[in-house]
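Undergrad: Have a look at the structure that comes next, please.
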């Protein structure tokens with residue numbers, strides 16, 4: 001319950017029953033006592049203003065939140081209902097103008113590439129601008145998927161701007177036609193020269209992490225796609241590697257840095273448990289090395305529910321780590337946990353054990369947990385810059 005919501009109520013008693021407590025309408029919202037339909041009849045006219053939201057109650061995702069104002073107090077009360085027949089009012093919020101220039105384009109062998117921005121749907125208008133780099137041009141400046149031609153060996157930064165009714169959103173993309181990863185800076189994609197795949201990057205404290213699970217195919221050990229379905233899970237969730245495949249010919253390590261390249265590209269490595277501790281301590285100074293972090297999960301999880309089941313508790317992705325619910329392949333060969341858990345290997349063994357140390361996040365809490373698990377388990381891999 002919130003107070004001082006008389007700021008939202010129309011201040012006369014034409015649309016409200018007296019006393020219309022504390023009504024000021026200083027916001028201009030002009031809430032009116034429209035009442036509601038309970039499913040069996042109308043009620044509350046001039047007494048209440050009920051409004052649906054699009055949010056659900058985390059404790060019961062079939063229940064949807066609503067808010068209401070009352071004629072006899074200055075509260076905004078919120079609750080939730082699973083009813084499919086109750087009818088409340090709806091207020092709309094104007095969409096923000098958004099621009100997405102697509103992911104970086106890294107192709108040392110090309111001089112002409114196709115840009116990958118999200119289209120500006122009419123009446124929105126889009127426009128490309130070359131911000132840096134010489135000798136480059138966009139063939140059609142208003143086309144999201146236009147071709148760009150540059151000089152081989154050069155690196156460019158382009159901006160895609162989308163405008164509507166005086167509002168403009170902007171996003172940038174790097175087009176690097178130079179030698180692989182030449183001039184790379186953190187925040188740009190990294191090109192894996194082994195298979196020409198590329199990965200987002202982010203700095204978290206003193207470490208630089210990839211923002212995607214590895215997709216590289218190795219001939220060591222065993223690797224899988226969730227449910228053996230590469231079409232559905234390859235790009236967003238990556239491969240699930242057993243411990244041998246993750247090490248890719250290397251040996252387990254507890255050092256920081258681990259020194260284990262594993263399935264990571266040259267210049268990157270699989271983090272040890274000690275390096276995961278460094279990450280956790282950056283997020284929570286009270287973290288105890290080797291243990292769980294009860295407050296770290298939300299900062300690491302992708303904050304939407306595309307890659308996680310609701311409620312995706314505390315997810316903010318404030319670090320840009322963008323963990324996804326990739327699930328696992330258990331040592332008994334079953335696939336479990338898609339959208340519910342992110343299982344990510346370290347390069348370390350569990351103390352006094354032949355099990356591997358794995359880290360995991362869950363859809364329904366804020367923790368980063370660690371445990372020992374069979375090395376036959378299939379888990380994801382994230383890489384840290386050397």
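The numbers here are math on the coordinates, done by the rules we state, and not lab data. Here the structure is a predicted model, which means the values were calculated and not measured. Positions of Cβ are backbone-derived with ideal geometry, glycine not excepted, and every protein chain shown enters the neighbour counts.
Undergrad: Classify the stretch 133-208: rounded, prolate or oblate, from the alpha-carbon gyration tensor (a ≥ b ≥ c, eigenvalue square roots; a/c under 1.5 rounded; otherwise prolate if a/b is larger than b/c)?
TA: Working: a/c = 2.35, a/b = 1.32, b/c = 1.78.
Oblate shape, in that a/c is at least 1.5 and b/c is the bigger or equal ratio.
Undergrad: Then there is this: Summing -39500 (n - 2.57) over the DSSP H runs of n ≥ 4 in the chain and dividing by its residue number, what mean residue ellipticity at 222 nm do you reach, to the nearest 500 deg cm²/dmol? Provide the component values of the computation, followed by the final result.
TA: Numbers: 4 runs with 28 residues, N = 386.
Counting only the DSSP helices, I get -2000 deg cm²/dmol.
Undergrad: With no solvent and one equal point scatterer placed on each C-alpha of the stretch 207-273, evaluate the Debye formula and give log10 I(q)/I(0) for q = 0.12, 0.14, 0.27 Å⁻¹, two decimals.
TA: Treating every Cα as an identical point scatterer, log10 I(q)/I(0) equals -0.31, -0.42, -1.23.
Undergrad: In degrees from 0 to 90, rounded to the nearest 10, what is the angle of the helix 273-283 Cα long axis to the longest principal axis of the chain?
TA: Computed tilt is about 30 degrees.
Undergrad: Moving on. For the stretch 289-352, how big is Rg over Rh, using alpha carbon atoms and the Kirkwood form of Rh? Intermediate values should be presented prior to the final figure.
TA: On the way: Rg = 13.1 Å, Rh = 12.9 Å.
On the Cα set of the stretch 289-352, Rg over Rh gives 1.01.
Undergrad: Please report how far the C-alpha centroid of the stretch 18-39 lies from that of the stretch 131-202, rounded to the nearest whole angstrom.
TA: 50 Å
Undergrad: By DSSP, what percent of the beta bridges with both residues in the stretch 285-375 are antiparallel, rounded to the nearest 5?
TA: Details: 16 of 18 bridges.
Of all bridge pairs located within the stretch 285-375, approximately 90 percent are antiparallel.
Undergrad: Tally the DSSP beta bridges in the stretch 136-289 and give the antiparallel ones as a percent, rounded to 5. Numbers along the way, then the final one.
TA: Values: 21 of 22 bridges.
Given both bridge residues lie in the stretch 136-289, the antiparallel proportion sits at roughly 95 percent.
Undergrad: Using the alpha carbon gyration tensor of the stretch 310-386, what are the three equivalent-ellipsoid semi-axes (square root of 5 times each eigenvalue), largest first, in whole Å? Write out the running numbers ahead of the final one.
TA: Working: eigenvalues 91, 49, 24 Å².
Semi-axes, largest first: 21, 16, 11 Å.
Undergrad: In nm, to one decimal, how far is the residue 142 label point from the residue 292 one, both placed 7 Å along Cα→Cβ?
TA: Between residue 142 and residue 292, the simple spin-label model gives 5.6 nm.
Undergrad: Binning at 5 angstrom from zero up to the longest distance, how are the C-alpha pair distances of the stretch 148-293 distributed in percent?
TA: The percentages, shortest bin first, are 2, 8, 13, 16, 17, 15, 12, 9, 5, 2, 1, 0.
Undergrad: Next question, about the same structure. Quick check on the stretch 207-356: of the DSSP beta bridges with both residues there, what percent are antiparallel, nearest 5%?
TA: Working: 6 of 8 bridges.
Looking only at bridges with both residues in the stretch 207-356, the antiparallel portion is about 75 percent.
Undergrad: Show me the three semi-axes of the equivalent ellipsoid for the stretch 53-199, from the C-alpha gyration tensor (sqrt of 5 times each eigenvalue), largest first, rounded to whole Å. Mind showing how you got there, number by number?
TA: Working: eigenvalues 420, 76, 31 Å².
Semi-axes from the Cα gyration tensor: 46, 20, 12 Å.
Undergrad: Here's a follow-up. Over the chain, with a Gaussian network built from C-alpha contacts below 10 Å, which listed residue (110, 122, 342) shows the highest mean-square fluctuation?
TA: Judging by the Gaussian network model, the answer is 122.
Undergrad: May I ask you to give the average projected area over all directions of the convex hull of the Cα atoms of the chain, in nm² rounded to one decimal?
TA: Computed as one quarter of the Cα hull surface, the answer is 24.1 nm².
Undergrad: Calculate the spin-label point distance for residue 220 paired with residue 122, positioning each point 7 Å from the Cα along the beta-carbon direction, and give it in nanometres.
TA: Here the answer is 5.6 nm between the modelled labels.
Undergrad: Sticking with this structure for a sec: Mind checking the alpha-carbon convex hull of the stretch 58-105 and giving the volume per residue in Å³? Spell out each step's value before the answer.
TA: Details: hull volume 9.1 nm³, N = 48.
Convex hull volume per residue, Cα atoms: 190 Å³.
Undergrad: Tell me the label-point distance for the pair residue 255, residue 228, using the 7 Å Cα-to-Cβ offset, in nm and rounded to one decimal.
TA: 4.0 nm
Undergrad: Something else: Given the options 337, 136, 39, state which has the largest fluctuation in a GNM of the chain using a 10 Å cut-off (strictly under) for Cα springs.
TA: With Cα springs under 10 Å in the chain, the top fluctuation among 337, 136, 39 is at 39.
Undergrad: Which residues in the stretch 69-86 have a backbone N closer than 11 Å to a point placed 7 Å from the Cα of residue 37 along the Cα-to-Cβ line?
TA: Within reach of a label on residue 37: 85-86.
Undergrad: Another question, then. If I take R0 = 51 Å and measure r between the Cβ atoms of residue 333 and residue 60 in this structure, what FRET efficiency does the formula 1/(1 + (r/R0)^6) give, to the nearest 0.05? Please report the intermediate quantities before stating the final value.
TA: Details: r = 34 Å, r/R0 = 0.67.
Efficiency at R0 = 51 Å is approximately 0.90.
Undergrad: Using the alpha-carbon centroid of each, what span in Å lies between the stretch 62-87 and the stretch 266-339?
TA: Centre-to-centre distance over Cα atoms comes out at 35 Å.
Undergrad: If you don't mind, another one. Give the dimensionless ratio obtained when the Cα radius of gyration of the stretch 266-306 is divided by 2.2 N^0.38 Å. Write out the running numbers ahead of the final one.
TA: Values: Rg = 12.1 Å, N = 41, 2.2 N^0.38 = 9.0 Å.
Normalised Rg, Cα atoms only: 1.34.
Undergrad: Sticking with this structure for a sec: Taking springs between alpha-carbon atoms closer than 10 angstrom, which of 183, 126, 291 fluctuates most in the Gaussian network model of the chain?
TA: 183
Undergrad: Now for a separate question. Can you tell me the equivalent ellipsoid semi-axes for the stretch 247-386? Use √(5λ) from the Cα gyration tensor, largest first, whole Å.
TA: Details: eigenvalues 99, 63, 40 Å².
Ellipsoid semi-axes (Å, largest first): 22, 18, 14.
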